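Structure, as structure tokens:
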Amino acid sequence: MNTLIEKVRSGFAERYGADGQLFAAPGRINLIGEHTDYNGGYVLPGAVDRGIVAAIRPNGTDRVRLAALDPGETCTFGLKEEEKPEASWAHYVFGVCRETIKRGGRVEGFDACFAGDVPLGAGMSSSAALESVFAFALNDLFGNGFDRFELARIGQATEHNYCGCRCGIMDQFASVFGRRGCLMRLDCRSMEFVYVPFDPAGYRLVLLDSRVKHRLVGSPYNDRRRSCERVAAALGRELLRGATMEELEAVRPRISSEDYRRARYVIGEERRVLAFCEALERGDGETAGAAMYATHHGLSQDYEVSCEELDFLVETAASCGVSGSRMMGGGFGGCTINLVREELCDRFVQTACDRFAERYGHAPQVYDVTISDGARRL
């Protein structure tokens, strides 16, 4: 983090000739509860010690001057709806500005630059980290007084209205509310949540990045959500949350086989999240891990958001005796998340890297995971 902070600090001074206020927001992992957030279900994310750092300073104009340090690109735009910039990466910041203004918040022109160490396309929500760092920063700098829930909603609405992805609330929630050493069990219908201390004795969390880059915008992600909405409507519900398999079977003749499989996954995943949490409370890593494998099977076979490389990594984990493994994130690439007994960890990582490289010509990237704090002023 210190290296990233210095990169952003010096980048801002070089471009704008002064110091900016520094802010940070993290990416996230999700232990279990995938594609349940927009169905009103439960999720179990945690913020990580990788994220986005931004330096920002009001500039006394009505224009935003923005620099993305990693690709070395710049963009200037105004704050009116019709002034949306052409650069797609700038839509995340423009959208946060507009969603803040729509809620009655004050946003004036500012200079900013940002950089991050969240792996892009790995399923760790680099976009949510970007939205959250600017939502938090603008709220702080212009004294708008929005609470953290509203900051998460600003990020979610940015995805919906300016970036083309109809995501749920989980990613932005985790990035804003993260707490070091804790997961968060969030009820995405009521928005009630509890912090769950996470330090499973004898286990480690390992992320293996397939380096298959997903992109949820323009992907089948939105199609999955529409499938769930159609089944919920057939059930006479607003959301799939709380639906039973018996109810799903009753409407099966009136829905497509594809929509049936999507809903079957979501209904099963709601139960698995709660079972996983109960297993964690008992210190039962093996039962928790079995739920992760079941989640991956559902994501791969019923929800169809996995890919060959992710399935291979999960199969390799099972063959190595890993307690739990599944794809993580929206899908179509990215990481697997693995709950591994400490004594197996080194051998598993080496075996997975060797087998994957032999099959696909490159090794997966290995990430250590530390559960960290959410959006903040540095």
Within the stretch 233-262, residues being part of a helix (DSSP H, G or I), open to solvent by 20 Å² or more (accessible area, probe 1.4 Å) and in contact (Cβ under 8 Å) with a residue 40 or more places away in the chain number 1
Specify which of the listed residues (V48, V107, V43) is touching a Ser or Thr at 6+ places or on another chain (Cβ under 7 Å) and without any contact (Cβ under 8 Å) to a residue 40 or more places away in the chain.
V107
Taking first residues from the stretch 1-26 that are under 17 Å from T76 (Cα atoms) and in contact (Cβ under 8 Å) with a residue 12 or more places away in the chain and second residues anywhere that are among the acidic types (D, E) and exposed (fewer than 14 other Cβ atoms within 10 Å of the Cβ), the pairs with Cβ under 9 Å that are 6 or more apart or on different chains are F12/D19
Scope the stretch 149-184; condition more than 19 Å from E81 (Cβ to Cβ), touching a residue at least 60 places away in the same chain (Cβ under 8 Å) and open to solvent by 40 Å² or more (accessible area, probe 1.4 Å); matching residues:
R166, R179, R180
Condition first: open to solvent by 60 Å² or more (accessible area, probe 1.4 Å) and farther than 27 Å from D49 by Cα. Can you find one or more residues in the stretch 359-377 that meet it?
yes
Go through the stretch 257-299 and report how many residues are touching a helix residue (DSSP H, G or I) at 6+ places or on another chain (Cβ under 8 Å) and among the polar types (S, T, N, Q).
2
Candidates V206, V194 - the one that is surrounded by fewer than 17 Cβ atoms within 10 Å (Cβ to Cβ), touching a strand residue (DSSP E or B) at 6+ places or on another chain (Cβ under 9 Å) and not in a helix (DSSP H, G or I)
V194
For residues that are in contact with a strand residue (DSSP E or B) (Cβ under 7 Å, 6 or more places away or on another chain) and open to solvent by 10 Å² or more (accessible area, probe 1.4 Å), scanning just the stretch 119-143, find the one that is farthest from M327 (Cα to Cα).
L141
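Can you find a residue that is part of a loop (DSSP other than H, G, I, E, B) and touching a residue at least 12 places away in the same chain (Cβ under 8 Å) anywhere in the stretch 340-358?
No, the stretch 340-358 has no match at all.
The values are calculated or read from the model by the stated rules, or taken from the named source; none is laboratory data. These numbers come from a predicted model, not from an experiment. Note: ideal-geometry Cβ built from the backbone for every residue, glycine included; neighbour counts use all protein chains shown. To get the accessible areas, we keep the full protein, side chains included, count just its heavy atoms, and leave off ligands, DNA and RNA. Shrake-Rupley method; radii C 1.70, N 1.55, O 1.52, S 1.80 Å.
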